[in-house]
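The next block holds one structure in the form of structure tokens; read it before the comments.
The values are calculated or read from the model by the stated rules, or taken from the named source; none is laboratory data. All of these numbers come straight from a predicted model, not from anything done at the bench. So basically every Cβ, Gly included, is an ideal-geometry build from the backbone, and we count neighbours across all protein chains shown. Ligands, DNA and RNA are stripped out before the accessible areas are found, and what is left, the full protein with its side chains, is counted by its heavy atoms. Shrake-Rupley method; radii C 1.70, N 1.55, O 1.52, S 1.80 Å.
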Amino acid sequence: VRAGKVVIDGKSYQMPCNEGGITALHSGPIGLDRRTWDVVAQSDRHIHFRCTLEDGDGGLPGNRVINVTYSVENECLSLEITATTTSPTPFSIAHHPYWRLGDAAQHQLQSDAPHYQPVDATNLPTGQIAPVNQTALDHRNARQLDPGADHNLCIASASRATPPPVALLHSSNGQRHDIH
């Protein structure tokens, strides 16, 4: 969020800035990645974490409860994230899984995303949506990731009973990893 300021129902809220004082990235310097999460439930196939943020925490309104569940079924690792709040508040949970599946130089990403969100000089999305055609972000056919890419891919949505993977990661050993 530029300058850490958000306006909700005509009222301004100030989030703490953590990127050179010009943006509030991931809810500021004490984002969810720096919090202690409670383990709510666990088994040999899943673990459920919860984090609670009080009204005003991070400069935002509403008591917020975030639940994260990792589960494993067969060879599939799943992640479910849900959140509730007692007041209107901005919410966009970002998950940055840096899973290492071997030599990263041997991986190729494939995604049907036809568009992406350009960023400005401070690495914030501009609000525009641009086609991936003839850019390093065009992964409609499997290709290596550009190490400098830090953009949102815009996944086309379709109403289906079972949604397809949003991306496929192809590794050098012939394995294919679906990302849902």
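Computed values, structure above
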| quantity | calculated |
| --- | --- |
| Verdict on Asn67 being in contact with a Lys or Arg (Cβ under 6 Å, 6 or more places away or on another chain) and closer than 27 Å to Val166 by Cβ | yes |
| All positions within the stretch 3-35 that are open to solvent by 70 Å² or more (accessible area, probe 1.4 Å) and touching a helix residue (DSSP H, G or I) at 6+ places or on another chain (Cβ under 8 Å) | Gln14, His26, Ile30 |
| Residues (among the β-branched types (Val, Ile, Thr) and at pLDDT 85 or above) located in the stretch 125-163 | Thr126, Ile129, Val132, Thr135 |
| Selection count where residues are on the phi < 0 side of the Ramachandran plot and at pLDDT below 85, scope the stretch 110-124 | 3 |
| Condition met for Thr85 (in contact with a Phe, Trp or Tyr (Cβ under 8 Å, 6 or more places away or on another chain) and not charged (D, E, K, R)) | yes |
| Strands (runs of 3 or more DSSP E) within the stretch 36-139 that include 1 or more residues open to solvent by less than 60 Å² (accessible area, probe 1.4 Å), under 24 Å from Val1 (Cβ atoms) and in contact with a strand residue (DSSP E or B) (Cβ under 7 Å, 6 or more places away or on another chain) | 46-53, 64-73, 76-85, 115-117 |
| Near pairs, Cβ below 6 angstrom, 6+ apart or cross-chain, from the stretch 31-54 (touching a residue at least 24 places away in the same chain (Cβ under 8 Å)) to any residue that is open to solvent by 60 Å² or more (accessible area, probe 1.4 Å) and of a type in the set (A, V, I, L, M, F, W, C) | Arg45/Val72 |
| Subset of the stretch 30-55 (residues that are out of contact with any Leu (no Cβ under 9 Å at 6 or more places or on another chain), within 17 Å of Pro90 (Cβ to Cβ) and at pLDDT below 95) | Ile30 |
| Arg34 vs. criteria within 27 Å of Pro125 (Cβ to Cβ) and among the charged types (D, E, K, R) | yes |
| Residue in the stretch 164-173 that is modelled with the highest pLDDT, counting only those that are part of a loop (DSSP other than H, G, I, E, B) and open to solvent by less than 70 Å² (accessible area, probe 1.4 Å) | Val166 |
| Any hit, the stretch 3-10, residues being assigned to a strand (DSSP E or B), modelled with pLDDT of 85 or more and under 24 Å from His139 (Cα atoms) | no |
